[in-house]
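Chemist: Below is a structure I'd like to ask you about.
Just so you know, all these numbers are worked out from the coordinates, no wet-lab data involved. Owing to the predicted nature of the structure, the values given are computational and were not obtained by experimental measurement. Cβ atoms come from the backbone with ideal geometry, glycine included; neighbour counts cover every protein chain shown.
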Amino acid sequence: MPGAIQAEGLVKTFGDVKALDGVDLEVPEGTVLGLLGPNGAGKTTTVRCLTTLLRPDSGRAVVAGIDVLKHPDAVRRSIGLSGQFAAVDEYLTGRENLQMVGQLYQMRAKAARARADELLEQFHLADAADRTAKTYSGGMRRRLDLAAALVVSPPVMFMDEPTTGLDPRNRQQLWDVIKDLVSGGTTLLLTTQYLEEADHLAHDIAVVDQGKVIAQGTSDQLKARTGGERVEVVVHDREHIRTAAALLDKYSLRGLGQGDTTVEEHMRKITTPVSGGAKLLAEIIRELDAEGIEIDDIGLRRPTLDDVFLSLTGHVAESAQSEHEEAAK
Ligand SMILES: Nc1ncnc2c1ncn2[C@@H]1O[C@H](COP(=O)(O)OP(=O)(O)OP(=O)(O)O)[C@@H](O)[C@H]1O
Ligand SMILES: [Mg+2]
């Protein structure tokens, strides 16, 4: 099946900044692609090129079966876009904002009103429907912006950082709305700086850095690429560290360039790269027990998307924490 979104070799330069350096993407119909990358990676520029807001210097893109460069107007009619900077009119009420979008799309007034009511309900904005958007909280604005993008139920949606700056509860609510949307068959490309969000919502993740897609796959595939699982053991007695480390080292994966057993003396912690999962864990526990080594903690640790990001880009992703601090300024 052809992808609902396809991009090939997108290049975009601003002065001497190469914002996009040959972006290739494919999003199969009915799936979610998470475009993950740090500040300035090229996420918004990619979205703007795919949604006809910006003309790439070179490359091609097809959205909902339509060539973006040849037929931008037709593409615009087939997509919904919710931006990083919400396109909400502050001086209109929530209801008026949504009705206005309907009218822009040539809906009849009555149909636009009905659709607005439906969306206000769905996005928990019914109570605030007749207040101007100026009085809305950040989370309410985000929801209104998303609702506005959905007035005409487009088959393909783009969301640029839909939950940036939201508190955890509002983020969760928005995730639920997005999941509903996708279960209805919508194809979605969303950008995010939150690894957790990509993990949660996206079927596929494309990691973008410096204008290029540097890795793509499911969350599990990306994690597997980064290196396998590790067993972490915290022994109760300091004297047992060496014996336990020797024992664990027998299970360590060698020759994979992942480093072998490491010991953190002060924490009485031993870490070893393994493969074999929970079954192996049980075996290790039995052996430690047979040696009379008391443990305070043992666990199987799988790589997180944070680990993936770090190993791919050489720098850590923006954390949710620093985003919130940013938003609070
Ligand atoms: N209109 C513009 N004029 C000049 N430079 C631009 C313009 N738009 C983007 N850039 C530059 O292109 C690069 C990519 O920017 P882009 O906005 O696509 O990044 P992003 O991944 O969306 O980042 P963020 O996470 O901060 O939203 C950056 O270096 C940015 O400064
Ligand atoms: Mg951006």
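Chemist: Restricting attention to segment 78-118, which trypsin sites (Lys or Arg not before Pro) occupy a DSSP loop and are surrounded by at most 12 other Cβ atoms within 10 Å?
Modeler: Numbers: sites: Arg95, Arg108, Lys110, Arg113, Arg115; in loops: Arg108.
Answer in residue order: Arg108.
Chemist: Further, regarding this structure: State the Kirkwood hydrodynamic radius of segment 1-146 in Å, one decimal place, computed from all pairs of distinct Cα atoms.
Modeler: Numbers: mean 1/r = 0.0588 Å⁻¹.
Computed over segment 1-146, the radius equals 17.0 Å.
Chemist: In addition: Pick out which of Asp89, Asp260, Asp24 has the largest mean-square fluctuation in a Gaussian network model of the chain, springs linking Cα atoms closer than 10 Å.
Modeler: The residue with the greatest mean-square fluctuation here is Asp260.
Chemist: While we're on this one: Return Met267, Met140 ranked ascending by Cβ neighbour count within 10 Å, so the fewest neighbours appear first.
Modeler: Met267, Met140
Chemist: Take every Cα-Cα distance within the chain, group them into 10 Å bins from 0 onward, and report for each bin the whole-number percent of pairs it holds.
Modeler: Distribution as computed: 6, 22, 26, 20, 13, 9, 4, 1 percent.
Chemist: Per the helix-only calculation at 222 nm, which mean residue ellipticity applies to the chain, given -39500 (n - 2.57) for every DSSP H run of n ≥ 4 and division by its residues, nearest 500 deg cm²/dmol?
Modeler: Working: 12 runs with 124 residues, N = 329.
Per the formula, -11000 deg cm²/dmol.
Chemist: Build a GNM of the chain with springs between Cα atoms under 10 Å: which of Leu253, Leu25, Leu201 gets the top mean-square fluctuation?
Modeler: Comparing Leu253, Leu25, Leu201 in the GNM, the peak value goes to Leu253.
Chemist: Kirkwood hydrodynamic radius for segment 229-301: how many Å is it when counted over pairs of different Cα atoms?
Modeler: About 11.9 Å, per the Kirkwood formula over Cα pairs.
Chemist: If I stretch the segment between Glu90 and Asp57 completely, what's the gain in nm (0.36 nm per residue apart, minus their alpha carbon distance), one decimal? Mind showing how you got there, number by number?
Modeler: On the way: separation 33, 0.36 × 33 = 11.88 nm, distance 3.42 nm.
Stretched fully, the Glu90-Asp57 segment lengthens by 8.5 nm.
Chemist: Build a GNM of the chain with springs between Cα atoms under 10 Å: which of Val17, Val27, Val152 gets the top mean-square fluctuation?
Modeler: Val17
Chemist: Here is a follow-up. Compute the length gained on full extension between Glu291 and Tyr105: take 0.36 nm times their separation in residues and subtract their Cα-Cα distance, giving the result in nm to one decimal. Provide the component values of the computation, followed by the final result.
Modeler: On the way: separation 186, 0.36 × 186 = 66.96 nm, distance 7.34 nm.
The span from Glu291 to Tyr105 would gain 59.6 nm if fully extended.
Chemist: GluC sites (Glu not before Pro), restricted to segment 60-162: which are DSSP loop and have at most 16 other Cβ atoms within 10 Å? Please list the in-between numbers first.
Modeler: Working: sites: Glu90, Glu96, Glu118, Glu121; in loops: Glu90.
Those that pass, being in a loop and sparsely packed, are Glu90.
Chemist: What ³J(HN,Hα) values, in whole Hz, does the Karplus curve 6.51 cos²θ - 1.76 cosθ + 1.60 give for segment 158-175 when θ = phi - 60°, with x put for Gly and Pro?
Modeler: Here the 3J(HN,Hα) series is 10, 10, 9, 6, x, 10, 4, x, 8, 6, x, 5, 5, 4, 4, 4, 5, 4 Hz.
Chemist: So, one more: Below 8 Å, C-alpha to C-alpha, sequence gap of six or more: please give me the relative contact order for the chain in percent.
Modeler: Working: 616 pairs, mean separation 63.7, N = 329.
Relative CO of the chain lands at 19 percent.
Chemist: Next question, about the same structure. If you take the Cα Rg of segment 183-286 and divide it by 2.2 N^0.38 Å, with N the number of residues, what do you get?
Modeler: Numbers: Rg = 18.7 Å, N = 104, 2.2 N^0.38 = 12.8 Å.
Ratio of Rg to 2.2 N^0.38 Å for segment 183-286: 1.46.
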